[in-house]
Amino acid sequence: MDVASFERAVFVNCPFDDAYTPILRPVLFCIYRLGFIPRIALERLDGGEPRIEKLLELIGSAKYAIHDLSRLRAARAGELFRLNMPLELGLDIGCRRFGSPPLTEKRCLILETERYRYQAALSDLSNSDIVAHGDDPLEAFTAVRNWLDHEARLDADGPARLWDEFTDFMADNDDKLIARGWSRRDIDKLPIPKLMRSMQAWVGAHP
């Protein structure tokens, strides 16, 4: 294992539906802006790669992990709630508990929409520190910024300044995409790998 890469990697376990995209984008930007590299299942789209193997590789490669459990409740009557996020959280906790160093140093942030709702579905997590974001992108962004700042002892710039940089990036990126023939609909559906490359390049150009 490359320990240096492990120390700077952040695994992101979250919903991938369109409604979550306004939260995912600032979270990914915050990770890059604080000097880390996000690792997420959407970063590569090889249909021939078994998903569980990809998840295990991503989880094992990252010291830090963000687990958003905000889809524990089904949206409509008769709809099943999603178990992917709790499964990946369990894999991450098991990796930390039963792995060998440096896996024993792993740290995780657990996010939810509501503060105590998770206890009805995952009572084993009772007494765990859960951060509620209320489905607000700025709240999720701030939670990630504060957690990484604390865990990695960064002394990072404040949430308001970092959020302004995120909005600057989004405006700059939209302008560049429109100039290259992307429609508003195309931009709204921008693939996550392309968005991540653009974020990394923008952050590198704006130290």
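By the gyration tensor of its Cα atoms, with a ≥ b ≥ c the square roots of the eigenvalues, what is the shape of the chain: rounded for a/c under 1.5, prolate for a/b over b/c, or oblate? Note, shape of the chain comes out rounded. The longest part of the chain holding none of the exposed loop GluC sites (Glu not before Pro), meaning those outside H, G, I, E and B in DSSP with at most 15 other Cβ atoms within 10 Å, is 115-207. Scanning residues 5 or more positions from residue 190 or on other chains, none has an amide H under 5 Å from its amide H, with H placed 1.01 Å from N in the peptide plane.
Between residue 109 and 65, 66, 67, the built amide H atoms are under 5 Å apart, and every one of these is 5 or more places off in sequence or on another chain. Loop-located trypsin sites (Lys or Arg not before Pro) across segment 25-57 with a Cβ neighbour count of 14 or fewer within 10 Å are 44, with loop assigned by DSSP. Taking the chain as a Gaussian network of alpha-carbon nodes connected by springs under 10 Å, the highest mean-square fluctuation of the residues 29, 141, 98 belongs to 98.
The numbers here are math on the coordinates, done by the rules we state, and not lab data. This one's a predicted model, so the numbers in the text were calculated from it and none came from an experiment. Ideal geometry is used to build each Cβ from the backbone, glycine not excepted, and the neighbour counts take in all protein chains shown.
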